[in-house]
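One structure is given below, encoded as structure tokens.
The values are calculated or read from the model by the stated rules, or taken from the named source; none is laboratory data. Note that the structure is a prediction, hence the values are computed from the model and not measured. Cβ placement follows ideal geometry from the backbone for every residue including glycine, while neighbour counts extend to all protein chains displayed.
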Amino acid sequence: MRRLWRDRVFVVAFVVAAVALLALVLTVRDTASPVPARGGVVELRDVHDLRDAVGQQVSAQGARVQSVPADEGFWVTADGGDRVWVQIETTGESPFVVEPGTRVSFTGQVVAHESDFVASPDFPTADAADLVDAGAHIEADVKDVHLG
């Protein structure tokens, strides 16, 4: 064994293999889907790309509402992350008014969507483009959305 460690080719090959293995492990760890927390719910702050969390329940506490460009839908950011679309699921109007700057807490399901999700003619073009690019959003039942 000592003879192998004295062989420069062996040592270089060993170091290259170890670095490649470490890079692979770090890549897999960074691209893995969020691990559900207690109760099968992932914290929004732990989700880096909603498309990776499609089908999972996510929650946020005190997320800041960035804008409200559509009826029953708004953009939030959680812990300084990317903005995320939250669609309130309700029959009729929700019993509260969401306004920019408000803090909101919610639990909802991450849902993939196609470009026709933003087909409403009164949906602002820039917001529609961002939402289509996101490829997914959160649908939260009105009873699971709380202001403040």
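Just for the stretch 103-141: of the residues that are within 18 Å of Ser67 (Cβ to Cβ), among the β-branched types (Val, Ile, Thr) and under 20 Å from the mean Cα position of the chain (by Cα), which one is surrounded by the most Cβ atoms within 10 Å (Cβ to Cβ)?
Ile138
Looking at the structure I just gave you, is Asp144 surrounded by 13 or more Cβ atoms within 10 Å (Cβ to Cβ) and modelled with pLDDT of 90 or more?
For Asp144, the condition - surrounded by 13 or more Cβ atoms within 10 Å (Cβ to Cβ) and modelled with pLDDT of 90 or more - is met.
Table: residues versus (1) surrounded by fewer than 17 Cβ atoms within 10 Å (Cβ to Cβ); (2) on the phi < 0 side of the Ramachandran plot; (3) in contact with a Ser or Thr (Cβ under 8 Å, 6 or more places away or on another chain).
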site: Arg64; (1), (2), (3): no, yes, yes
site: Ala78; (1), (2), (3): no, yes, no
site: Trp85; (1), (2), (3): no, yes, no
site: Val97; (1), (2), (3): yes, yes, no
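Out of Glu89, Glu139, Glu72, Glu114, report the one residue that is of a type outside the set (Lys, Arg), free of Cβ contacts under 8 Å to residues at least 24 places away in the same chain and closer than 19 Å to Gly55 by Cα.
One residue alone meets the criteria, Glu114.
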